[in-house]
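Novice: Quick one: this structure, given as structure tokens, is what I'll be asking you about.
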Amino acid sequence: MERILVAGITGAGKSTLARRVSGVLDLPYHEMDALYFTGPEWTVNSRFTEEVSHVAAGSRWIVDSLGYPQVRDLLWDRADTVIWLDYPRGVIMPRILHRSLRRTVTREVLFGGNRETRAGWLSREHPVRWAWSQHAARRREIEHRARDPRFAPLDVLRFRHPDNTAAWLTSLAVGGATHS
């Protein structure tokens, strides 16, 4: 595991897991949303594809994303492992609700200096609405990619519950990672 994608729906815990695996394996961690959003009002990075290409060209990395559409194939072509957090809505929704409420109330600074706002909860693109509406589609897309012959060399670790992910992470930390 030298080039890892941590995939799943918003709220699954991709960033948290990627940071932890990064620490265990001493891999450079790249937060996809921080590469994508670089300014106020959720400004998109004009050099996003170039910057992700640079990351993907590296010999060792971990990224917390399926990948935005413009770089998805690039990342999947270069990765050697996909860790898929395939959790049900019953796990995802409480997590994303709690995270978004916390971020809104505390006015936590996010990517590019942005914040989740009360008004943002009305947007179709708000993380809570996105996680609910895109759960099935994101799952189908990751499953399709995991079975796509183009990506056959990838080792796909699919975890359906956080307890399984935690057990795997513990085994990784002690030097004997296996998929459960």
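The values are calculated or read from the model by the stated rules, or taken from the named source; none is laboratory data. Note that the structure is predicted; figures quoted are calculated from it, not measured. Cβ placement follows ideal geometry from the backbone for every residue including glycine, while neighbour counts extend to all protein chains displayed. SASA here: full protein model, heavy atoms, side chains in, ligands and nucleic acids out. Shrake-Rupley method; radii C 1.70, N 1.55, O 1.52, S 1.80 Å.
Novice: Treat segment 36-98 as a sphere of radius equal to its Kirkwood radius over Cα pairs and apply Stokes-Einstein at 37 °C in a medium of 0.692 mPa s; give the translational diffusion coefficient in µm²/s, rounded to a whole number.
Specialist: After rounding, the answer is 239 µm²/s.
Novice: Roll a 1.4 Å probe over the protein heavy atoms and report the accessible area of Tyr29 in Å², nearest 10.
Specialist: Accessible area, nearest 10 Å²: 60 Å².
Novice: Let me ask another. Given the DSSP H assignment, sum -39500 (n - 2.57) over each helix run of at least 4 residues in the chain and divide by its residue total; what's the result at 222 nm in deg cm²/dmol, nearest 500? Intermediate values should be presented prior to the final figure.
Specialist: Working: 7 runs with 85 residues, N = 180.
Calculated at 222 nm, the ellipticity per residue is -14500 deg cm²/dmol.
Novice: Please give the contour-minus-distance gain from Asp155 to Val174: 0.36 nm per residue of separation, less the Cα-Cα distance, rounded to one decimal in nm. Don't skip to the end; give the middle numbers.
Specialist: Details: separation 19, 0.36 × 19 = 6.84 nm, distance 1.99 nm.
Stretched out fully, the Asp155 to Val174 stretch lengthens by 4.8 nm.
Novice: For Asp77, tell me the accessible area in Å² from a 1.4 Å probe, rounded to the nearest 10.
Specialist: Per-residue accessible area (Asp77): approximately 100 Å².
Novice: How do Leu17, Leu122 stack up against each other in accessible area, from largest to smallest, with a 1.4 angstrom probe?
Specialist: Leu122, Leu17
Novice: From largest to smallest, what semi-axes in whole angstrom does the chain give when each is the square root of 5 times an eigenvalue of its alpha carbon gyration tensor?
Specialist: 25, 20, 16
Novice: Quick one: how many Å² of Glu141 are accessible to a 1.4 Å probe, rounded to 10?
Specialist: So the heavy atoms of Glu141 present about 60 Å² to solvent.
Novice: Hey, another quick one. Lys and Arg at +1, Asp and Glu at -1: add these up for the other residues within a Cβ distance under 12 Å of Gln134 and post the number.
Specialist: +4
Novice: Going by the alpha-carbon gyration tensor, a ≥ b ≥ c the square roots of its eigenvalues, is segment 68-112 rounded (a/c under 1.5) or, if a/c is not under 1.5, prolate (a/b greater than b/c) versus oblate?
Specialist: Oblate.
Novice: Among residues other than Thr104 whose Cβ falls under 9 Å from its Cβ, what is the net charge (Lys/Arg +1, Asp/Glu -1)?
Specialist: +3
Novice: Sticking with this structure for a sec: Would you mind estimating how fast segment 66-166 diffuses translationally, via Stokes-Einstein at 4 °C and 1.567 mPa s with the Kirkwood radius over Cα pairs, in µm²/s?
Specialist: Stokes-Einstein gives a translational diffusion coefficient of 84 µm²/s.
Novice: Assign one of three labels to segment 13-59, namely rounded, prolate or oblate, based on the Cα gyration tensor with a ≥ b ≥ c the square roots of its eigenvalues; rounded applies when a/c is under 1.5, prolate when it is not and a/b is larger than b/c, and oblate otherwise.
Specialist: oblate
Novice: Among the DSSP beta bridges whose two residues both lie in the chain, what percent are antiparallel, rounded to the nearest 5?
Specialist: Beta bridges within the chain, antiparallel portion: roughly 10 percent.
Novice: In nanometres, what is the gap between the two model label sites at Leu122 and Thr106, each 7 Å from Cα along Cα-to-Cβ?
Specialist: For Leu122 paired with Thr106, the spin-label model returns 2.7 nm.
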